[in-house]
Structure formats: structure tokens, C-alpha cells
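Everything on this sheet refers to the single structure shown next.
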């Protein structure tokens, strides 16, 4: 197969958005279908059932839990509510939404260059001043897939003033297998300034419903809640998220995550076997540090009916897809490299 032959013979393989390759879990889909019978009703603006389910699952009081439009939306609410200090420290090659979130909150981004594929935590601690509103960590990091280590994070947190919140974005937590990477909830319990963000969009497969949660020090909850939109998340999102937390759904979710991690390992091995440099990943995507070759690679992939995310001058992020989609990617890479890309 040569680049371009996939067009017209297969539907596009979208490996650009870090979506799960699996369809909605059957139990969750049934709940959403049933909830659709009441679309004329406003959702519970307090998300009481979801907050109660999360409180029981996480072992924290409901006063520490916020729900909202995914981890990114909740990050916006938190950053906006934590003023008035002007600066937000964040890793320089991380979630592309962070600079926009910071700007929307009327704050100034303070990007700190990475240490290879990972956060440079000592340098980020050095960047914190009396002007710092909060610090953003992404674990595992999007787009590089690197996971932080517990000892490094604890040493970092020990250096951060207690009045500076540290927001730990764990959108991809369910895909982490490295035992050295900390659970954000353990950090939350150990440090009074840690906030944890999680989402139902990735592993749980509810991206279209936009629902996630934050666990924050109770003193910060009210201001962040008032920043969020009224009647959000939707009733369908709330019902789906509650269903996702049941033991029956949890067992299937664990099986799917295990399967995806195995596919991630196979994909990394195959791409490295073709001669590409692939960063180690603890997420549901892989990172190719292609530098100036990133955009040509993505353009060529699009011609072959494969969508990936290119960061100009840095690299390409590729979601781990279905085995079929990953095989199409491998075939494309093999052909593209043979053509001198």
C-alpha cells in the first residue's frame, strides 16, 4: 500500500483526538437511552446523584467534589476562580488547551520547558513566585505520554507554598501502569493545596457528553462552582457518569483498559521496529518527536485516510486505535518511510 490508497476504500481512521476505540458500554448506553425520555426537564443543577457516587467511590466528602464539562472545563473553572494573582505556571509542551484556559481566565501563562518528554519539576518550582495563582501538572502528560514519578512530585510539592494550588490533570489516569506514578487522590490527601481533575471522556468513552470531576480543598469549592455554567453537566451526562461508576461497568472498563494498554505496547514496538523514535507512553496515545517532519508526516497521513495531531516543529501525537486502525497506521508508516518521508 502507498500513501493515499486508503482514501475512497476505507472510512478515515481518526487517531487525532485521544478518543477510545470502543463503543459505549452497553449498561451506560441503556441508561442514556432511558434518560432521554425526559429531555424536556432541566438537569439537577447540583448533580447530587453523581456527587454522592463519587464521594463514596473516592472516600471524600461531597463538599470536596465539583462536576462539570470534562477535565478541561473544570480546569477553566478552577483557574478562573483562583484569582487575583496573575501568573499560572505550566509545562511548555503539554495540553494545548492550557494557554487558552489561562488566557480566558485573564491570567498570564508562565510556560516552563520540558525535561525531555516529562515535566521539569525543579524548574517549575523555581518559576513559582508571589505572583503565582496556581500551577498545572498533566499526568500522564499530553501529548508526550510521560508519567510523573511519586518521589519527584512529592519533592516538588514540598517546595510549593501552601497558598498556591497545584492542579493535577489526570485525564488519562486509567491507562497508567507504572507503579512509580502517583495516584492524584493520594497527593490530595497528603497536601492541602492539591486539586485533582479527572474525566469520563477518555477511558469511560463519554466524550460526546462532556462530563468530568474535580476533587479540591473544600475552601476552594464554592468559588469554582459559581464560575461553572448553570445546569451543567446535562441530565444524560450525569446519568451516564453514575452508571459508569457501578461495579458491573467497572469490570468491563478494566478489561478494556488492559486491552488498550496491550495494544499500545504492540503499536510502540511496531513503530520503533520501523525505525521511528517513539516516546514511552502511559496514556492512550503515543508521541513521535519528529520535529520539522511533524507537519509533512500528518499531511501525508491525511492523504492516506489517517488523521493524527501534529504540533509544528515538535512532533506528532497518535491515539491508540482499534487493531485495524493501528494496522493501517503501520502500513502507512512503512510505505511513507520507504518513500523517504
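The values are calculated or read from the model by the stated rules, or taken from the named source; none is laboratory data. What you are looking at is a predicted structure, and each value in this text was computed from that prediction instead of being measured. Every residue, glycine as well, gets a Cβ built from its backbone with ideal geometry; the counts of neighbours run over all protein chains shown.
Would you check if there is a residue in region 22-43 being in contact with a strand residue (DSSP E or B) (Cβ under 7 Å, 6 or more places away or on another chain), closer than 23 Å to residue 172 by Cα and not in a helix (DSSP H, G or I)?
Taking region 22-43 first, the residues in contact with a strand residue (DSSP E or B) (Cβ under 7 Å, 6 or more places away or on another chain) are none.
No, region 22-43 has no match at all.
Could you pull out the residue among 92, 123 that is assigned by TED's automatic domain parsing to the domain that holds residue 238 and over 17 Å from the mean Cα position of the chain (by Cα)?
123
Among (1) more than 25 Å from residue 283 (Cβ to Cβ); (2) not in a helix (DSSP H, G or I), there is one condition residue 94 misses while meeting the rest; what is its number?
All conditions pass for residue 94, except number (1).
In region 191-226, what count of residues is obtained for those that are under 17 Å from the mean Cα position of the chain (by Cα), outside any loop (DSSP other than H, G, I, E, B) and either on the phi > 0 side of the Ramachandran plot or free of Cβ contacts under 8 Å to residues at least 12 places away in the same chain (or both)?
1
Could you figure out which of (1) in contact with a helix residue (DSSP H, G or I) (Cβ under 7 Å, 6 or more places away or on another chain); (2) in a helix (DSSP H, G or I); (3) crowded, with 18+ Cβ neighbours inside 10 Å isn't true of residue 188?
Residue 188 satisfies all of (1) in contact with a helix residue (DSSP H, G or I) (Cβ under 7 Å, 6 or more places away or on another chain); (2) in a helix (DSSP H, G or I); (3) crowded, with 18+ Cβ neighbours inside 10 Å except (1).
Considering each residue of region 81-98, count those that are buried (at least 16 other Cβ atoms within 10 Å of the Cβ) and over 15 Å from residue 161 (Cβ atoms), and give that number. Outline the logic, then answer.
Going residue by residue through region 81-98, those that are buried (at least 16 other Cβ atoms within 10 Å of the Cβ) are 81-82, 85, 87-95, 97-98.
After this cut, where a residue has to be over 15 Å from residue 161 (Cβ atoms) as well, the list is 81, 90-95, 97-98.
Total satisfying the criteria: 9.
For region 151-168, which residues satisfy the criterion of being touching a helix residue (DSSP H, G or I) at 6+ places or on another chain (Cβ under 8 Å) and either more than 18 Å from residue 202 (Cβ to Cβ) or part of a loop (DSSP other than H, G, I, E, B) (or both)?
152, 153, 154, 155, 156, 157, 159, 160, 165, 166
Restricting attention to region 301-317, report how many residues are in contact with a helix residue (DSSP H, G or I) (Cβ under 7 Å, 6 or more places away or on another chain), buried (at least 20 other Cβ atoms within 10 Å of the Cβ) and not in a loop (DSSP other than H, G, I, E, B).
5
Taking the condition without any contact (Cβ under 8 Å) to a residue 24 or more places away in the chain, buried (at least 16 other Cβ atoms within 10 Å of the Cβ) and either touching a strand residue (DSSP E or B) at 6+ places or on another chain (Cβ under 8 Å) or not in a helix (DSSP H, G or I) (or both), does residue 109 pass?
Yes.
Here are some conditions: (1) on the phi > 0 side of the Ramachandran plot; (2) surrounded by 20 or more Cβ atoms within 10 Å (Cβ to Cβ). Residue 116 meets all but one. Which one does it not meet?
Residue 116 satisfies all of (1) on the phi > 0 side of the Ramachandran plot; (2) surrounded by 20 or more Cβ atoms within 10 Å (Cβ to Cβ) except (2).
Got a sec? Which of 333, 278, 295 is free of Cβ contacts under 8 Å to residues at least 24 places away in the same chain, over 23 Å from residue 201 (Cβ atoms) and in a helix (DSSP H, G or I)?
Sole residue among the options that is free of Cβ contacts under 8 Å to residues at least 24 places away in the same chain, over 23 Å from residue 201 (Cβ atoms) and in a helix (DSSP H, G or I): 295.
Using beta carbons and a limit of 7 Å, which pairs, at least six apart or on different chains, have the first residue in region 73-101 and modelled with pLDDT under 95 and the second one buried (at least 20 other Cβ atoms within 10 Å of the Cβ)?
83/133
Quick one: count up the residues across region 68-91 that are within 21 Å of residue 18 (Cβ to Cβ) and part of a strand (DSSP E or B).
Final tally of qualifying residues: 3.
Restricting attention to region 272-290, and to residues there that are farther than 12 Å from residue 320 by Cα and in contact with a strand residue (DSSP E or B) (Cβ under 8 Å, 6 or more places away or on another chain), which single residue is surrounded by the most Cβ atoms within 10 Å (Cβ to Cβ)?
Restricting to residues being farther than 12 Å from residue 320 by Cα and in contact with a strand residue (DSSP E or B) (Cβ under 8 Å, 6 or more places away or on another chain), the top hit is 288.
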